[in-house]
Amino acid sequence: MASPALLVEDLSVEFRTRGGIVKALERVNFHVAKGETIAVVGESGSGKSVTAYAVMGILDPAARVTSGRAVLGALDLLKTDRHTLAAVRGREIAMIFQNPRTALNPIRRVGDQIADVLLRHANVTPSAAPKKAVELLETVGITDPARRAKAYPFELSGGMCQRVMIAIALAANPSLLIADEPTTGLDVTTQAIIMDIIAERAKATGMATIFITHDLGLAAERADRIVVMHAGHIVEARPTRDLFAAPRHPYTAALIAATPGPTSQLSDLRTIAGGLPDLRAAELPACRYAGRCARRLEGCAAPLPRVDAAASDALACHNPLPQERAA
Amino acid sequence: MLSLILNRLMLAIPSLIGVVIVTFLLTRALPGDPAAYFAGPAATEQAIAEIRAKLGTDRPLIEQFGRYVKDLARGELGQSLTTGQPVSREIATRLPASAELTLIGLLLAVLLAVPMGILAATKPGSAVDHITRVVSTAGVSLPVFFTGLLLVYVFYFRLGWAPSPVGRLDVFLSPPPHVTGFYLVDALLARDGEVFVGALKQLALPALTLSIFALAPIARMTRASMLAVLSSDFVRTARASGLSPAKVVVTYAFRNAVLPVITTLGMVLSFLLGANVLVEKVFAWPGIGSFAVEALIASDFAPVQGFVLTMAALYVTLNLLIDIAYGLIDPRVRLDS
Ligand SMILES: Nc1ncnc2c1ncn2[C@@H]1O[C@H](COP(=O)(O)OP(=O)(O)OP(=O)(O)O)[C@@H](O)[C@H]1O
Ligand SMILES: [Mg+2]
C-alpha cells in the first residue's frame, strides 16, 4: 500500500468533566489513503467529531489525548508544537463543519475570511488576495461572486455559507479534507451539490477526504470505504460495497437495518436496542457494544483484538456475523 | 447609520423631559429653605420673606416650573446663590476638569483591564488569570475615597512621589490658555511642556483612583466575553484554518467579544461620574461633582439642577456613542435599525 494521507494509531481521548472522566475515544485506529474518500459513521456521541478535532488539534481545553499518534506525511500531528500545527492546518489538512452559519465569523465579510486563509497559506500578496477569494467563490459555484464576497454570513443562505466554508477549506489546496457532517440541515438538492463540489475537487487534485456522517445512505453513495464507530471504538472498517453486502459486526448490521434504503419499507426499519454506554464509568466493558448486543457470548468480556490502522479491513468483535452471509 | 442616530436621539427626548421634571421636583422637595440659609441665622422673618420673594420661591410650584423651563429653553440654568455666578458658566469651567479626570481614569483602566481580560481568557488558570481575579475583587470591594486616601498617603505623604493633592495644577503654574478646557490638551496646544508635566502629575493619583475602581468590571467582562467567543464555532474554524494565534485572538475573537465590553464601558463611565464626587473631594479637584455637593449642602437649587441636567445629557450622549460603536462593529445592527 502507498503511504496513506493520514494514519491514526491508538488514539485515546479523555474529557475531564464535573461528572467524572469521559473516555470519549479508546485506541482508535484507521487510515485514509491518498485520493480516497472514507466515511466515518456512527450514532450521535460515538466520537466521530472528537476524532476529527483531535487530528486537527482543536479539541476543547477539557480534553486530553492520552495515547496515540496521527501521522500526516513526516509529521505526528499529536506531538507537533502549536506553531508548526498552525502552519499545517489549512494548508495540508483542512476541515469543514456542520452548521455553516455559526462556523463563519459573523462580523467579517466572507471574502475577507477567505482572503485571511489565502494570505496565511497560499503565497498570495495582500493586493491579490481579494481577487483570488472571488475566484474561489466562483469555483464553489457561487453566482455573482464579486458581490457575494462583500456579504456577511447572515446575508447568505445556509447552503451558500457552506460553499464559503468549502472555499475557505480548499483555499490552500490541502491534501486531506475532513468534512464533519457538512450537509446536515441543508435541503437534499443543496446537499448533493455540496457533496459534488467536494468529490470533484478530490478527484481533480488527489485529495483524501474523511467524511463524517450519521447518514449511512449518503456514506454508501459517496465513500470508497466506511469506518463504523461506536462509543469511542472503531468496530468495523471495510470497503463500502463489502460492508453493505455482508456487515460482520453486529452494530454495523443493526445500523444498516435501521437505515431507510430505496427498497426498504418503513416496517423493515429496526431501531437499535439500548443506548450508548455511559462513557464516564470507571470500568467500561472491553466491548462497549456488549450491553446492547444480541450475539453476546461469555468470551466477549475478553479484550478485543487490536485493529491494524494500515489495513483496509478492520473488525473488533469476538462473535462476528458469518463471512459470506450474502453470498 | 444616520437614521440610527436620529432614531436614538428621538428616543432620548422623553427621558430628557422626564429628567427636567424630576430634577425640578426633587430640588423643591429637598429639606432646607434656601432663603433661610442665605439670610443667615440672625435674620428676621421679614428679611427671609424678602429673599424668598426675590428668589421666586414664594410663588406656586407650577409658576416656578414655568419660569424654570423658559430659562432652560434660552440655555439659562439660573444663578448660583453661593458664588453669584451663572450656573452655565460654572459648569462650562468645571465640566472639562471632571471630564479630563474621568476620561483619563477610564483610558488607564481600559489599557490595563482589556489586555488582562484577554490574557486571562486565553490562558485560564494561569498567573494572569489569578491576578485578574484578585485585582477585580479588590477593585470592587475598596471604596473609592479609601483608595484615593490610601494612594495619597503612600505616594504623597510617605514616598513623596506625587505632588500635594490640591487640584489640577500646582499654585506656581498658571493654567494653559483655554481651548478645550482639558489642561493636558491645552498645554500641548500651547507647547508648554512644564504645564503639561505639572498637570499630568496632579492628574496621576486621582485618575489612578478612578481606574482602580473601573478596572474590575471591565476586566471581568472582557474575560467572560472572550471565553464565550473563544469556544464559539467560528473561532474553531479560524483555528482549523491555521490562522496565526494572534490573528485568531485579535481579529476573530476580540472583535466579536468587544461588544459587551463596550456596553460595560458605558455603564462604568456613568458609575465613574458618580465616583467623581468623592475623588474630587479627596483631591480638591475643581470639578462639577464637588460643585454639586457644595450646592446641595447650601440648598442652592440652580446648580444642582444644572448638574443633574448635564449628567443626563452626558448619559444620553454616551449611550448614543455606544450605539454608534455597535453599528460600526456589528453589521447586523446596521440592518436592524
Ligand atoms: N467538550 C466535551 N466535554 C465532555 N465530553 C465531551 C465533549 N465533547 C465531546 N464529548 C463526549 O465525547 C463523546 C463523543 O462526542 P462526539 O461529539 O465526537 O460525537 P459525534 O459522534 O460527533 O456525535 P454527533 O453525531 O452528534 O456529532 C460523547 O460522549 C460526548 O459526550
Ligand atoms: Mg459530531
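Only the coordinates and a few stated rules stand behind these numbers; no lab work does. In this text the structure is predicted, and so the values were computed from the model without any measurement. All Cβ positions, glycine included, derive from the backbone under ideal geometry; neighbour counts span all protein chains shown.
Classify the stretch B:258-310 from the C-alpha gyration tensor, please: rounded if a/c falls under 1.5, else prolate or oblate depending on whether a/b exceeds b/c. In terms of gyration-tensor shape, oblate. Counting every other Cβ atom within 10 Å of each residue's Cβ, B:VAL154, B:VAL293 order from fewest to most as B:VAL154, B:VAL293. Quick check: the distance between the Cα centres of the stretch B:108-169 and the stretch A:71-145, to the nearest angstrom? Answer, in whole Å: 41. What the phi angles of the stretch B:186-191 give under the Karplus curve with 6.51, -1.76 and 1.60, with θ = phi - 60°, is a coupling list of 4, 5, 5, 4, 7, 6 Hz, glycine and proline written as x.
Would you please state which residues of the stretch B:297-314 a label at B:ARG74 would reach in this model, taking the label point 7 Å out along Cα→Cβ and a backbone N cut-off of under 18 Å? Zone members listed by number: B:302-303, B:306. Take each residue in B:325-333, count the other chain C-beta atoms within 10 Å of its C-beta, and the mean is 2. Charge tally around A:PHE154: other residues with Cβ under 9 Å, Lys/Arg +1 each, Asp/Glu -1 each, net +1.
Taking amide H positions as modeled 1.01 Å from N, with prolines and chain starts lacking one, no residue 5 or more places away or on another chain lies under 5 Å from B:ALA43. When the stretch B:87-336 is described by a simple charge dipole with +1 on each Lys and Arg Cβ and -1 on each Asp and Glu Cβ, the residue from B:GLY289, B:PHE307, B:ALA120 located farthest towards its positive end is B:ALA120. Considering only B:LEU72, B:ALA43, B:SER174, and ranking their Cα positions along the charge dipole of the protein assembly as shown that arises from unit charges at the beta-carbon of Lys, Arg, Asp and Glu, the one farthest toward the positive end is B:SER174.
Checked against a 32 Å cut-off, the cross-linked pairs B:LYS123/B:LYS281; A:LYS79/A:LYS150; A:LYS48/B:LYS247 give Cα-Cα distances beyond that limit for B:LYS123/B:LYS281; A:LYS79/A:LYS150. Measuring nothing but how far apart in sequence close Cα pairs (under 8 Å, 6+ apart) lie, relative to its length, the stretch B:87-336 scores a relative contact order of 28 percent. A simple packing score, the average count of other Cβ atoms within 10 Å per residue, orders the peptides A:18-24, B:8-14, B:78-84, A:42-48 as A:42-48, B:78-84, A:18-24, B:8-14, with the highest score first.
Taking 20 Å as the straight-line reach from the Cα of A:LYS23, the aspartates and glutamates in range (excluding those fewer than 8 positions away in the same chain) are A:GLU9, A:ASP10, A:GLU14, A:GLU43, A:ASP60, A:GLU236, A:ASP278, A:GLU283. Angle check, please: helix A:129-139 long axis (alpha carbons) against the longest principal axis of chain A (alpha carbons), in degrees 0 to 90, nearest 10. Orientation of helix A:129-139: about 50 degrees from the principal axis. May I ask for the percentage of alpha-carbon pairs in the stretch B:87-336 that lie more than 27 Å from each other? For the stretch B:87-336, the fraction of Cα-Cα distances above 27 Å is 45 percent.
The long axis of helix B:255-282 is offset from the longest Cα principal axis of chain B by roughly 40 degrees. Equivalent ellipsoid of the protein assembly as shown: semi-axes from √(5λ) of the C-alpha gyration tensor, largest first, are 69, 26, 25 Å. Nearest 10 degrees is fine. How inclined is helix B:193-230 to the longest principal axis of chain B, computing both from alpha carbons? The helix B:193-230 is inclined about 50 degrees to chain B. Estimated from helices alone, the mean residue ellipticity of chain B at 222 nm is -24500 deg cm²/dmol (sum of -39500 (n - 2.57) over DSSP H runs with n ≥ 4, per residue). Listed from fewest to most Cβ neighbours within 10 Å, the set A:CYS300, A:CYS293 follows the order A:CYS300, A:CYS293. Hull volume per residue, based on the alpha-carbon atoms of chain A and their convex hull, is 149 Å³. About its Cα centre, the dipole of the protein assembly as shown is roughly 720 debye, where the only charges are +1 on Lys and Arg Cβ and -1 on Asp and Glu Cβ. Farthest toward the positive end of the dipole of the stretch A:144-282, out of A:ALA246, A:ALA282, A:ALA167, is the Cα of A:ALA167, where the dipole comes from beta carbon charges about the Cα centre.
By DSSP, what percent of the beta bridges with both residues in the protein assembly as shown are antiparallel, rounded to the nearest 5? Here the antiparallel bridges make up roughly 60 percent for the protein assembly as shown. The charge dipole of the stretch B:1-108, taken about its Cα centre with unit charges on the Cβ of Lys, Arg, Asp and Glu (plus for the first two, minus for the last two), comes to roughly 300 debye. In sequence order, the stretch B:3-20 has phi-based couplings of 5, 4, 5, 4, 4, 5, 5, 4, 5, 6, 4, x, 5, 5, 4, x, 4, 4 Hz under the Karplus curve 6.51 cos²θ - 1.76 cosθ + 1.60, θ = phi - 60°, and Gly or Pro positions carry x. Here the Kirkwood formula puts the hydrodynamic radius of the stretch B:130-270 at 18.1 Å, using every distinct Cα pair. Taking Cα centre as origin and charging only the Cβ of basic (Lys, Arg, +1) and acidic (Asp, Glu, -1) residues, the dipole magnitude of the stretch B:87-336 rounds to 880 debye. The tail of the calculated P(r) for the stretch A:35-135, taken as Cα-Cα distances beyond 19 Å, holds 56 percent of the pairs. Cβ-to-Cβ counts within 10 Å put B:TRP285, B:TRP161 in ascending order as B:TRP161, B:TRP285, the fewest first.
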